[in-house]
Structure formats: structure tokens, C-alpha cells
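Single-structure report; data block below.
The values are calculated or read from the model by the stated rules, or taken from the named source; none is laboratory data. The model shown is predicted, which means the values in this text are computed figures rather than measured ones. All Cβ positions, even for glycine, are placed from backbone atoms using ideal geometry, and neighbour counts span all protein chains on display. For accessibility, only protein heavy atoms count, side chains too; no ligands or nucleic acids. Shrake-Rupley method; radii C 1.70, N 1.55, O 1.52, S 1.80 Å.
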Amino acid sequence: MGLWGKRRDMVVHEEDPYNAEPPRQVLAQAPCTPLDAFYVRSHGPVPRIDLDTWRLRVDGLVERPAAWSPAQLRDRFEPAEVTATLQCAGNRRAELMAVRDIPGEAPWGPGAISTARWGGVRLRDVLDAAGIGEGAAHVAFAATDVSQRARPAQPFGGSVPLAKALSEEVLLAWEMNGEPLPAVHGAPVRVVVPGWIGARSVKWLHRISVQADPSDNYFQATAYRMLPADTDLDQAGPGAGISLGPVPLNCDFLSPDAGTRCPSGHAEVAGYAFAGYGGGVARVDVSADGGGTWVQAELDPQVSPWSWRMWRVTLELPAGEHELLARAWDFGGATQPESPRSLWNPQGYGNNAWARLRVSCP
Ligand SMILES: Nc1nc2c(c(=O)[nH]1)N[C@H]1C(S)=C(S)[C@@H](COP(=O)(O)O)O[C@H]1N2
Ligand SMILES: [Mo]
């Protein structure tokens, strides 16, 4: 086993803090990602937490501020489960970096995305118990891990608008695929905000604050924002650009692996598509001729409105090198942009261009 109980074949972008994604083929194996393969994105070291004294505080614009122990959370609120895909805003950044360098950021491939059956309680129930006060518009989450990457160094945090926080799919989770939440994924309790970028699903949660404005944490106010391509990062202050929330429609290949040979001329091709915010994937097209013609992939069931959808197709390919393309469509008839060129941004977020994969058939 590798670090933090992960597979040895994880693609490790950083050891400390641990940042790693699974190989494509491993993600292809099941709609829920095994815990030893689920990607990890952390901005600071896994914090040490004393469970005897740990309390989850709920404060700010609430009528009844509270502090809950893990046992009290379990006893007081109804259990809830949601199967949801988590995707980092930096997923597929490597393709943006091929357009133009993005210094200081990890070159994530297509695997900064994974799916789990999350278990815990609804954030809404915990907020209801506190009683939302006058002027409330955002719910901020504060964690205990200190990130040296933030300016100044500070614990990780973020927020979501009150309406999302009160949606039934948003959980305070302590189980993943029926197992206790592993330390590296945020134990004892993390937030899970289905359909939103991974950064809003705050791990090692210790404080929930209801407030009038979004969190002023570095990872909400400065990082995880979509900036115009010509922005000078040294000049852009907090609040610049678009605060990332809902995940844009995306898809990628999971099988075969990049560079695979398919001697028989049949290529069994599979991948994922994720309509984070759109409620489901309606169609996936695959092309072997640069987008001249497209075939529609077969779609596996949509396990939950908040999960990705696996797809597969068999292609007959003549001998030679091929570049395969894939693009998903949502139920609104929207599809993905063609090229990462039009999406490049200084922090390398939100690449959802058509997926590309090279295979060779001798
Ligand atoms: N406390 C804390 N929460 C965090 C982070 C972090 O560094 N610290 N990283 C965020 C980001 S950017 C992502 S993509 C997800 C990744 O969750 P995972 O490591 O469980 O896959 O956690 C989010 N929550
Ligand atoms: Mo992320």
C-alpha cells in the first residue's frame, strides 16, 4: 500500500501535503471509487484532531449557536446518504498547461475526480436546529488544517450561498462507501457539496458560520476563482474574477490508457461524463476522425443526480495512429467547448474541453 492507504500506482503530484490521482483504468472499474483509489487534494498537512475534545461549532447569524460532539451529531439528526462525484477545479489542468504554463500548480490529469456514497447528516438539519437568523445569505466552513500556500498562511475554508447549504443533497459526512471517513479525506467530519467544485467540500470541518457575506478565507476570496487570461496574479486582489461554485459539464476517457495499442482493430473505449450542476448526462459522442463524424456511446445508469455517468463504445479502427475525441451533452442541450485554448486561465481551473486520447492500431 502507498501513503494514506492509497494504491501504489497512484499518480502522486505532491507527497506532503499528499496530492494524488488514480490511473484512468482504475477509475473505470466501478461507479463508486474504491477508497484506496479516490483522489486526494490537500493544501496543508492532515491535522491531528483529539476526538475527546472535538466539537463542531455552529455560530454567526443563528438564533441558537451550538457545539456538537460526534456522538451528539449522530444521535440528534436523521442519517442521510448521497452518492456524489467530487471533482477538483484543477482536474485536467495538464491540458491547460500544454497551452501555456501555469507556474506553482499541479498538472492534474483526468483523475482529480472520484465518486463515493457519502453518509452522515444533512447540513440543513443542523442549520435548522440552530435557527437561521435575519440577514443570513452564506454559510462558511472553517477547517483545522493550516496551509502554507495561502497568503498569509491560514486554515482551509470556504462558503456556499445559503440556498445551496439548505439543499437536501448537502451533507456533513463521516462515512464514505459505508466505511468511516479516512483521515486524509477529512475525518472526523467533512462537508460534501454535490455538484460544486471539490474545494467547497471542506475537510476536517470544525466551524460552520452563517453570515451575510461569502467567506473571506484565501481559498474562497483569492484561490478557486476564474480570472481573465490576462490577469497579473500579483496584482489581482481578493474578490477578483468569478468565484467558482457549480461544476461545468465535463467528460474524459478512462479506458484504454493513453498510448494503448489495439491490435485487433476493435477499441473498447470507456469513460466518465459529469454534469455536476445540470442534473444528469444526456448523451456522449465519440469521434475517431477529428470531429468529422461522431458515434453515440452507450450510457451506464445515472446512479444519482449528483454522480458522474460511465459510458462505453466499441470502435473499429484501421491500422495507424488515432486521436479519439469525446464530448458530453446535458439535458439542456449544452455541450463542452472544443479546445482548452479558449479556456486557459491563470490558475488553471475548469478545463472541460473535448477529451482527447491517442491510441495506435498496428
Ligand atoms: N480542510 C480542507 N478541505 C479541503 C481541502 C483542503 O486542502 N483542506 N481541499 C479541497 C479541495 S480543493 C478538493 S478538490 C477536495 C478534495 O477532497 P478529497 O481529498 O477528499 O478528494 O477537498 C477540499 N476540501
Ligand atoms: Mo480542488
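How many nm separate the modelled label positions at V12 and E63, each set 7 Å beyond the Cα in the direction of the Cβ?
Each label point lies 7 Å from its Cα, and together they span 5.2 nm.
Put +1 on the Cβ of each Lys and Arg and -1 on the Cβ of each Asp and Glu in the range 1-110; which of W108, M1, T53 then has its Cα farthest toward the positive end of the dipole?
W108
Please give the contour-minus-distance gain from W4 to V146: 0.36 nm per residue of separation, less the Cα-Cα distance, rounded to one decimal in nm.
That works out to 49.3 nm of additional length.
Starting from the exponent 0.38 and prefactor 2.2 Å, build the expected Rg for the range 250-361 from its residue count and divide its actual Cα Rg by it.
Dividing the Cα radius of gyration by 2.2 N^0.38 Å gives 1.07.
What do you reckon, how do D330, D101, D257 stack up by accessible area (1.4 Å probe), largest on top?
Numbers: D330 30, D101 100, D257 55 Å².
Heavy-atom accessible area, descending, gives D101, D257, D330.
Between H13, H266, H206, where does the largest GNM mean-square fluctuation fall for the chain, given springs only between Cα atoms within less than 10 Å?
Answer for the Gaussian network model of the chain: H266.
Can you tell me the dipole magnitude for the range 250-361 around its Cα centre, using point charges on the Cβ only (Lys, Arg +1; Asp, Glu -1), in Debye to the nearest 20?
220
Using +1 at the C-beta of Lys and Arg and -1 at the C-beta of Asp and Glu, which of T314, T144, G280 has the Cα lying farthest in the positive direction of the dipole of the chain?
About the Cα centre, the residue reaching furthest to the positive side is T144.
Measure out, as a whole number of angstrom, how far apart the alpha-carbon centroids of the range 248-274 and the range 327-350 sit.
The two parts, judged by their Cα centres, are 18 Å apart.
Provide the packing ranking of 230-241, 78-89, 314-325, i.e. peptides ordered by the mean count of other C-beta atoms within 10 Å per residue, highest first.
The most tightly packed comes first, giving 78-89, 314-325, 230-241.
If r is the Cβ-Cβ distance from E268 to A30 and R0 is 25 Å, what FRET efficiency results, to the nearest 0.05?
Efficiency, rounded to the nearest 0.05: 0.90.
Quickly work out the R74-to-W294 label distance, labels modelled 7 Å from Cα along the C-beta direction, and quote it in nm with one decimal.
4.8
What is the spread of the Cα atoms of the range 77-232 along each of their three principal axes, largest first, in whole Å?
Projected onto its principal axes, the Cα set of the range 77-232 covers 48, 37, 25 Å.
Using θ = phi - 60° and the Karplus relation 6.51 cos²θ - 1.76 cosθ + 1.60, list the HN-Hα couplings for the range 252-267 in order, rounded to whole Hz, with x at every Gly or Pro.
Running phi through 6.51 cos²θ - 1.76 cosθ + 1.60 with θ = phi - 60° gives 7, 7, 10, 8, x, 5, 4, x, 4, 9, 10, x, 6, x, 8, 10 Hz.
Please express the shape of the chain as an equivalent ellipsoid: the semi-axes are the square roots of 5 times the eigenvalues of the C-alpha gyration tensor, given largest first in whole angstrom.
One finds semi-axes of 36, 22, 19 Å for the chain.
In deg cm²/dmol, rounded to 500, what helix-only [θ] at 222 nm does the chain give when every DSSP H run of at least 4 residues adds -39500 (n - 2.57) and the total is split over its residues?
Roughly -2000 deg cm²/dmol at 222 nm, from the helical runs in the chain.
What is the distance in Å between the Cα centroid of the range 157-228 and that of the range 286-318?
One Cα centre to the other: 31 Å.
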